[in-house]
2 protein chains.
Amino acid sequence: MRKIRLILQYDGTAYHGWQIQPEGDTVQGILEKSVAKICGEHTKVMGAGRTDAGVHALGQVAAFRTRSPLPSGTMQKALNAVLPPDIRVLNAAEVDDAFQPRNHALRKSYFYLIAHRSDKSAFLRRYVWTVGHPLDPELMNTAARRLIGLRDFSSFMGSGSGIRNRVREIFSLHITPFAGIDFMTVRLAGNFLRIRIEANGFLRHMVRNIVGTLVEIGRGRIGADSIEEILAARDRRFAGPTAPPNGLFLERVSY
Amino acid sequence: MRKIRLILQYDGTAYHGWQIQPEGDTVQGILEKSVAKICGEHTKVMGAGRTDAGVHALGQVAAFRTRSPLPSGTMQKALNAVLPPDIRVLNAAEVDDAFQPRNHALRKSYFYLIAHRSDKSAFLRRYVWTVGHPLDPELMNTAARRLIGLRDFSSFMGSGSGIRNRVREIFSLHITPFAGIDFMTVRLAGNFLRIRIEANGFLRHMVRNIVGTLVEIGRGRIGADSIEEILAARDRRFAGPTAPPNGLFLERVSY
């Protein structure tokens with residue numbers, strides 16, 4: 001058996017998230033079907049991060065085992081030929097059989113795009129959260145600094161997750177003006193605020209709950225100094241609302 | 001009864017086109033439901049152009065009659081509050097009862113965005129047609145000039161249309177490099193080719209069939225001088241394939 005590692009980009013708009021669900025298309029489900037077509041056998045495709053419905057990825061990492069003798073470059077081309085156009089394989093490579101995309105990840109980064117305007121555009125709304133209120137990035141950065149480090153993030157964990165260990169380490173969290181992203185042929189540009197977060201792992205909805213809380217802080221509805229209190233509560237009700245999934249991109253997974 | 005004229009923007013991705021269908025959401029259907037909510041009565045909303053499924057609009061014009069006494073500015077805000085975020089009313093104004101958005105239109109313009117690259121992006125593909133072959137804009141413009149004027153466009157009409165009079169007048173048709181469109185908060189940028197066409201009216205699929213033919217010409221698969229022959233044939237099989245709907249924007253309707 002060989003193990004193949006994939007680097008993937010996808011537009012999450014049309015999918016019910018990464019993970020296979022009883023109903024609806026998922027990125028993992030589509031990948032498993034495509035691998036079955038190319039390699040002639042059904043195999044489980046494991047991903048580094050379980051992105052929610054509507055969340056995008058620029059550098060998702062996935063891996064699967066196969067008996068297929070196809071060279072990895074050929075496999076990449078063949079997968080791109082059968083995958084829908086909103087899921088692209090950027091790289092396919094043979095790796096050690098022990099490689100596990102989720103457990104071996106040392107750090108993952110996500111970013112989130114926010115635009116401020118009172119009247120919202122009909123277009124491109126699946127890539128940006130348009131907030132109708134001005135946001136103060138200074139306040140947001142002050143709060144963000146208090147989230148960095150090894151902490152219990154229970155207050156930022158979405159309900160329904162059975163995970164017991166809610167301690168994660170945020171390595172960096174910055175709110176900066178951002179002019180846009182290049183998507184190969186096309187560039188998404190604007191006067192965005194970008195919230196970029198890097199950690200050793202994330203709880204369910206953790207990025208979106210942090211973003212929702214930072215936006216409340218940027219609007220002045222929660223004080224930047226309330227972060228310690230929110231963390232100490234270990235209770236989801238103390239943090240701000242969950243930011244919408246559009247606007248969120250899984251950027252990179254490092255090993 | 002008052003007559004209200006709306007100027008609309010919409011992202012056509014999620015809709016089965018403008019016109020009400022037996023199944024699936026349409027822009028017209030959603031608008032009629034929204035007007036019913038705001039004005040408390042069911043009324044027909046007429047549009048200037050019947051955009052296909054997946055086609056976008058920056059300046060669609062629509063009109064409806066109502067007994068509602070709401071000022072038009074209030075109506076605009078109320079409609080935007082109940083419409084889905086991918087349909088926006090840019091303007092609402094009371095007009096003469098005789099106004100008919102379709103029959104009174106003197107000219108309409110559409111544009112179409114094409115990007116050239118062999119590997120396609122997972123993102124933003126609903127706004128651009130990525131063509132895997134280099135295109136020669138000179139050849140395309142040479143062909144385009146031959147389509148300008150009062151012509152029988154039967155060869156560029158999609159099947160299933162019962163329209164007898166296939167004569168339309170193209171006022172302008174240009175292929176130019178294009179750096180991007182501003183959608184309020186967000187800009188879609190890239191090294192595009194833009195095909196912009198202005199006419200007194202369009203047959204079914206006419207823009208997409210002209211774009212598909214111009215792309216064949218730009219690739220060198222049809223000669224630029226074959227336009228006269230295609231027009232003279234008055235037979236759809238003589239023209240090129242229908243370009244995909246994504247990439248097409250109804251730009252403006254003039255009265």
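The values are calculated or read from the model by the stated rules, or taken from the named source; none is laboratory data. These numbers come from a predicted model, not from an experiment. Glycine also receives a Cβ, built like all others from the backbone with ideal geometry; neighbour counts cover every protein chain displayed. Keep in mind that these areas ignore ligands, DNA and RNA; they rest on the heavy atoms of the full protein, side chains included. Shrake-Rupley method; radii C 1.70, N 1.55, O 1.52, S 1.80 Å.
Taking the range A:151-180 as the search range and keeping residues that are within 19 Å of A:Pro137 (Cβ to Cβ) and touching a residue at least 24 places away in the same chain (Cβ under 8 Å), which one is surrounded by the fewest Cβ atoms within 10 Å (Cβ to Cβ)? Before you say what the answer is, go through the steps one by one.
Taking the range A:151-180 first, the residues within 19 Å of A:Pro137 (Cβ to Cβ) are A:170, A:172-180.
Narrowing the set further to residues that are touching a residue at least 24 places away in the same chain (Cβ under 8 Å) leaves A:170, A:172-178.
Values: A:Ile170: 19, A:Ser172: 13, A:Leu173: 21, A:His174: 16, A:Ile175: 27, A:Thr176: 12, A:Pro177: 9, A:Phe178: 18.
Applying the filter and picking the extreme gives A:Pro177.
In the range B:223-241, the residues that are closer than 16 Å to B:Val207 by Cβ and loosely packed, with under 12 Cβ neighbours inside 10 Å never reach a residue that is at pLDDT below 95 and of a type in the set (Gly, Ala, Ser) with C-beta atoms less than 9 angstrom apart, at least six apart or across chains. Say we look at the range B:181-200 and pick out the residues that are more than 9 Å from every other protein chain (Cβ to nearest Cβ) and surrounded by 17 or more Cβ atoms within 10 Å (Cβ to Cβ); which of these is farthest from B:Phe111 (Cα to Cα)? Step by step, filter the range B:181-200, then rank; the result is B:Ala199.
Filtering the range B:206-225 to residues that are farther than 15 Å from B:Tyr112 by Cα and small (Gly, Ala, Ser) leaves B:Gly220, B:Gly223, B:Ala224.
Look through B:Ala14, B:Ala48 and report the one residue that is open to solvent by less than 40 Å² (accessible area, probe 1.4 Å) and either more than 14 Å from chain A (Cβ to nearest Cβ) or modelled with pLDDT under 95 (or both). Spell out the reasoning first.
On the way: B:Ala14 fails: open to solvent by less than 40 Å² (accessible area, probe 1.4 Å).
Step by step, each of B:Ala14, B:Ala48 is checked, and only B:Ala48 is open to solvent by less than 40 Å² (accessible area, probe 1.4 Å) and either more than 14 Å from chain A (Cβ to nearest Cβ) or modelled with pLDDT under 95 (or both).
Screening the range B:160-180 for residues that are under 18 Å from the mean Cα position of the chain (by Cα) and modelled with pLDDT under 90 and picking the one that is nearest to the other protein chains (Cβ to nearest Cβ) gives B:Gly180.
Any idea which residue in the range B:1-34 is farthest from B:Leu70 (Cα to Cα), counting only those that are polar (S, T, N, Q) and out of contact with any Lys or Arg (no Cβ under 6 Å at 6 or more places or on another chain)? So, considering only residues that are polar (S, T, N, Q) and out of contact with any Lys or Arg (no Cβ under 6 Å at 6 or more places or on another chain), the one farthest from B:Leu70 (Cα to Cα) is B:Gln21. Restricting attention to the range A:34-63, the residues that are in contact (Cβ under 8 Å) with a residue 60 or more places away in the chain and at positive phi add up to 1. Of the residues A:Pro71, A:Pro85, A:Pro22, the single one that is free of Cβ contacts under 8 Å to residues at least 24 places away in the same chain, open to solvent by 60 Å² or more (accessible area, probe 1.4 Å) and within 28 Å of A:Met206 (Cβ to Cβ) is A:Pro22. Please enumerate the residues belonging to the range B:106-130 that are closer than 13 Å to B:Asn246 by Cβ and over 20 Å from the mean Cα position of the chain (by Cα). Correct list: B:Lys120, B:Ser121, B:Phe123. When the range A:100-134 is filtered for residues that are open to solvent by 30 Å² or more (accessible area, probe 1.4 Å) and more than 8 Å from chain B (Cβ to nearest Cβ), the ones remaining, listed by number, are A:Gln100, A:Arg102, A:Asn103, A:His104, A:Leu106, A:Arg107, A:Ser118, A:Arg126, A:Trp129, A:Gly132, A:His133, A:Pro134. Restricting A:Ala189, A:Ala232, A:Ala224 to residues that are under 30 Å from B:Val128 (Cβ atoms) and more than 17 Å from the chain's Cα centre (by Cα) narrows the list to A:Ala189.
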